[in-house]
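Student: One structure, as structure tokens, below. Some questions next.
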Amino acid sequence: LGQKEINGRKCILIERVLPPKEEYPCKKLVVAIDLEYLVPIHVTSYDWQGKLISRYQYTNLQFNVGLRLAQFTPKANKL
């Protein structure tokens with residue numbers, strides 16, 4: 001879909017459109033990928049009538065914030 005700025009971030013928009021099938025929860029999905037970091041920062045999905053059914057947006061992303069491997073264990077996350 002081209003490029004767009006979202007929350008001050010330059011992004012490329014990608015659209016996925018599925019054929020009608022009962023097991024597909026949505027017809028159209030639009031993903032905005034940050035051009036600097038190459039991560040998705042905005043995702044929207046639409047039902048078969050074109051109605052918005054979900055929108056997810058990531059803001060204030062921070063990378064390399066000093067997390068240690070031990071912080072990703074089930075115990076560290078009370079699981």
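The values are calculated or read from the model by the stated rules, or taken from the named source; none is laboratory data. Remember, it's a predicted structure, so these values are computed and weren't measured experimentally. Just the protein is used for accessible areas: all its heavy atoms, side chains included, with ligands, DNA and RNA removed. Shrake-Rupley method; radii C 1.70, N 1.55, O 1.52, S 1.80 Å.
Student: Output the strands (runs of 3 or more DSSP E) that fall wholly within the chain and possess 3 or more residues being of a type in the set (Lys, Arg), or say none.
Tutor: Answer list for the chain: 9-17.
Student: Related question: State all residues of the range 32-41 that are β-branched (Val, Ile, Thr) and either open to solvent by less than 30 Å² (accessible area, probe 1.4 Å) or under 13 Å from Gln62 (Cα atoms) (or both); if no residue qualifies, say none.
Tutor: Passing the criteria: Val39, Ile41.
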